[in-house]
1. What are the ³J(HN,Hα) values, in whole Hz, obtained from phi via the Karplus relation 6.51 cos²θ - 1.76 cosθ + 1.60 with θ = phi - 60°, for each residue of segment 68-77 in sequence order, with x given for Gly and Pro?
2. What range in the chain is the longest one free of chymotrypsin sites (Phe, Trp or Tyr not before Pro) that are in a loop by DSSP and have at most 16 other Cβ atoms within 10 angstrom?
3. Along segment 108-123, what does the Karplus equation 6.51 cos²θ - 1.76 cosθ + 1.60 (θ = phi - 60°) give for ³J(HN,Hα), rounded to whole Hz, x for Gly and Pro?
4. Trypsin sites (Lys or Arg not before Pro), restricted to segment 443-539: which are DSSP loop and have at most 10 other Cβ atoms within 10 Å?
5. Once amide H atoms are placed 1.01 Å from N in the peptide plane, what residues at a sequence separation of 5 or more from GLY526, or on another chain, have their amide H within under 5 Å of its amide H?
6. Counting other C-beta atoms within 10 Å, and keeping those with at most 11, which DSSP coil GluC sites (Glu not before Pro) do you find in segment 135-173?
7. For the chain, what is the calculated [θ] at 222 nm in deg cm²/dmol (nearest 500), taking -39500 (n - 2.57) for each run of four or more DSSP H residues and dividing by its residue count?
8. Could you please state, rounded to a whole Å, how far the C-alpha centre of segment 453-503 is from the C-alpha centre of segment 185-257?
Amino acid sequence: MAATADHSTTGANAPTYYVSTPIYYVNDRPHLGHAYTTVAGDVLTRWHRQRGEKVWYLTGTDEHGQKIMRTAEANGVSPQEWCDKLVEEAWKPLWQHLEIANDDFIRTTEDRHTARVQEFVQDLFDKGEIYKGGYSGPYCVGCEEFKLPSELLDGATEDEKLCAVHKRPVEWLEEENYFFRLSAYAEKLLEFYAANPDFIQPASARNEVLRFVEQDLKDLSISRSTFNWGVPLPWDEKHVLYVWVDALQNYITAAGYGSDPERFAELWPASVHLVGKDILRFHAVIWPAMLMAAGLPLPKRVVANGWLMVGGEKMSKSNLTGIAPTDLTSHFGVDAYRYYFLRAIPFGTDGSFSWEDFTARYTSELANDFGNLASRVAAMVGKYFGGKLPASVSAGDAEQAIADGLAKAVSIADVKIGEELDFAGGIAAIFDFVKQVNGYLTEQEPWKVAKDESPEGQARLATILYTAAEALRGTAVLLNPVMPSTAEKLWDSLGAAEGLGTLASQTVATTGDWGRLPAGATVTKGEILFPRLEEKPAA
Ligand code: ME8
């Protein structure tokens, strides 16, 4: 994936790096799949903050539509009560637990959203972009989407058809609806994709969208009149807005559209919409067309992640295959969790999680390669230099190779994580560096050098330990967006704040500059970064 070029219709660059996650349905509690996208966005935005950029990270919840309404009914509460409960008891606490540093959390039942949504659709109606018509077709409540015949599977009986995503029967809907003239935008969309080849990523996602739009794009039914849990159409209150048209607008209503023009100008267009591949068409076809109709700039990139799979199927709430993130964080810890999914599954491809794989990576990469390195270096500075970091006085080729290794890790990770959203590649580059430092210590054998009490021997020992500690200083900064608590512990253990200030104040640009950690820093052993794992809890 390459960084996107500016595109003609957005006008000036947005001065803020604005990243969004999908807003999640609150019919149920979050599972690993939701957390996957949200953690990825968090790492991306933390990376850009560390570059010194202005950043805005938005997440939230999608609270209207039939799916939520039916769930609330089944639980004997009003939809609003259901949403309030789930948001406060499940969604917000999980993001806090996973250390997600979002700048805002939008709920589609908030007035700041619904009032602006009504203005937006009224504007499209006034412009003649919306008309009244009739529609009948198979509808999947799980997807909240009308389906094409090609998207259905055969069910148990001759008449029954199943949604290919949810493997559940679709319903036949027949209604008088309002329609958005989506078909009128096919040419413009294709022109836009051609002029902005990086708008949809990865390439497989882009190809899928192109094929879809090149076929016969139909107008979009945007209202429902058989239930009322939604945003009423301002010109015909018997109808509520189709949940997807309401939901997509969260990206602008939260950013100040219609309420705070100055903030909106600063934030919009979004730099990256992160989405699961299941909701790509909404973001790469319908949303851009609606924005074109409203005369607003389009987001710069839509990046689709793959699915976390269980038994060969997408992990999902409706299939009851959702695993709660806390089932894993209670065993592996939050930072290892954040690390594991981004490292183990290349962004954009499907992947599955297993206890065995997580345990193996935890033990070899986090505990052995990284955690042990940090504790060995701190222990040796304690033992041989009373916990005061010695100066590097006899640096030679071996030390230069480590300095070069850090600079290389910084530049690779900056492109891979910051631009290409190749989290696995970026983290791998950082861990290659960790491996290099381990190799350096194995070769230099400071524990043997320590036995040489001559001035030369002590100078060598000082140089080796300084080099290893300085390498860890760089590693702490590079891993800060991925594992913020661990990086903070390492920063404390190196005594880095004394001379360099807080970890949060470090920038990617200077991290590769060798020799920043001042000699004399107070190095302490601190707590073990990745303790040995307990037995796997019984399922
Ligand atoms: O679609 N693997 O909400 P949703 C990876 N409300 N990612 C997954 C996943 C899995 N198995 N399951 C879910 C909606 N996700 C709409 C969005 S946006 C204007 C409205 C992630 O609760 C992935 O990002 O079904 C997917 O797009 C999102 O959760 C869907 O969450």
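The values are calculated or read from the model by the stated rules, or taken from the named source; none is laboratory data. Quick caveat, the model's predicted, so the values are computed rather than measured. Counting neighbours? That spans all protein chains shown, and the Cβs are built from the backbone with ideal geometry, glycine included. Side chains included, ligands, DNA and RNA excluded: accessible areas come from the protein's heavy atoms. Shrake-Rupley method; radii C 1.70, N 1.55, O 1.52, S 1.80 Å.
1. 5, 4, 5, 5, 4, 4, 4, 9, x, 10
2. Answer from the scan: 236-539.
3. With the stated coefficients, segment 108-123 comes to 6, 8, 6, 4, 4, 8, 4, 5, 6, 4, 4, 5, 4, 6, 4, 4 Hz.
4. Those satisfying the criteria are LYS451, ARG532.
5. none
6. Of the GluC sites (Glu not before Pro), the ones in loops of segment 135-173 whose Cβ has at most 11 other Cβ atoms within 10 Å are GLU158.
7. Result for the chain, helices only: -13000 deg cm²/dmol.
8. Measuring centre to centre over Cα atoms gives 49 Å.
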